[in-house]
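One structure below.
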Number of protein chains: 2
Amino acid sequence: MIKYSDIDDRLRALAEPTRGAIIERLSRGPATVSELAAPFDMSFAAVVQHLQVLEGCGLIQSEKLGRVRTCRIEPRGFAPIAEWIADRRTLAERRLDRLGVLLAEMDEPSQSKKLKSKGKKK
Amino acid sequence: MIKYSDIDDRLRALAEPTRGAIIERLSRGPATVSELAAPFDMSFAAVVQHLQVLEGCGLIQSEKLGRVRTCRIEPRGFAPIAEWIADRRTLAERRLDRLGVLLAEMDEPSQSKKLKSKGKKK
């Protein structure tokens, strides 16, 4: 099972609006660093730093051809986050399901004689 | 499709180690505020603040019975994050698939005569 410590750097990387916008842009297709920087009111160097954070934790990859660096999403980098979130939901939902089964059994006279010592309270 | 602005508060909430640990604890079952605070070397008030952040963005819910407040995971709160991440992966992977199909077609002589104007370069 995936642990929080396996994904904390990726969550921190995604929990910043500029980097979130970059990921949304890249999920529509690869883009050069200049294309990625264009919509933002910040220095080119600042955008490069954000890209380095995203690449450092495996959420994007980049390739330099001549003088142009092109970035793309690394889908595999998202897998551990998806798994951690799925685990959190599943564990919590399973507990709710078990509680539901228990309540249903308590409500079912044939299966719960021991629990219902004094008859027909609904 | 889920937008980043729908989940940015939840990502920020999860991107903090104490809150991540609280979520991991709660996914194993409900707990009182005192139980949640016990493992942390911080004030009770600080833990309560973290819980308020998590509850404020719908990742947990809490209920007060007498003087005891019990917290539990709200699985539905995780759904939009899971969906956003799934969208990012799917869009990127679909592009990679389309690229694969295109490359396969280019490599298939019968379908790509127009692209191969000068013969057998591999």
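The values are calculated or read from the model by the stated rules, or taken from the named source; none is laboratory data. As the structure is a prediction and not an experimental result, all values here were calculated from the model. Because the Cβ atoms are built from the backbone with ideal geometry, glycine has one as well, and the counts that use them run over all protein chains shown.
Conditions (1) part of a loop (DSSP other than H, G, I, E, B); (2) modelled with pLDDT of 95 or more; (3) surrounded by 15 or more Cβ atoms within 10 Å (Cβ to Cβ), marked per residue:
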{"site": "A:Ile23", "(1), (2), (3)": "no, yes, yes"}
{"site": "A:Ala46", "(1), (2), (3)": "no, yes, no"}
{"site": "A:Gly58", "(1), (2), (3)": "yes, yes, yes"}
{"site": "A:Thr70", "(1), (2), (3)": "no, yes, yes"}
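Scan the stretch A:1-9 and give yes if some residue there is in a loop (DSSP other than H, G, I, E, B), modelled with pLDDT of 95 or more, among the acidic types (Asp, Glu) and closer than 29 Å to B:Leu26 by Cα, otherwise no.
No, every residue in the stretch A:1-9 fails to be in a loop (DSSP other than H, G, I, E, B), modelled with pLDDT of 95 or more, among the acidic types (Asp, Glu) and closer than 29 Å to B:Leu26 by Cα.
Which is surrounded by 15 or more Cβ atoms within 10 Å (Cβ to Cβ) and at pLDDT below 95, of B:Arg76, B:Arg98, B:Arg94, B:Arg89?
Of B:Arg76, B:Arg98, B:Arg94, B:Arg89, the one residue that is surrounded by 15 or more Cβ atoms within 10 Å (Cβ to Cβ) and at pLDDT below 95 is B:Arg89.
In the list A:Arg19, A:Arg12, A:Arg28, which residue meets the criterion of being at the interface with another protein chain (Cβ under 10 Å from one of its Cβ atoms) and modelled with pLDDT under 95?
Checking each option against the conditions leaves just A:Arg28.
What are the pairs with Cβ atoms under 8 angstrom where one residue, in the stretch A:17-28, is touching a residue at least 24 places away in the same chain (Cβ under 8 Å) and closer than 13 Å to B:Leu11 by Cβ and the other, located anywhere, is among the aromatic types (Phe, Trp, Tyr) and part of a helix (DSSP H, G or I)? Sequence gap at least six, or different chains.
Short answer, once both residue conditions are applied: A:Ile23/B:Tyr4.
Name the single residue that is farthest from A:Glu74 (Cα to Cα) among those in the stretch A:25-44 being of a type outside the set (A, V, I, L, M) and part of a helix (DSSP H, G or I).
Applying the filter and picking the extreme gives A:Phe44.
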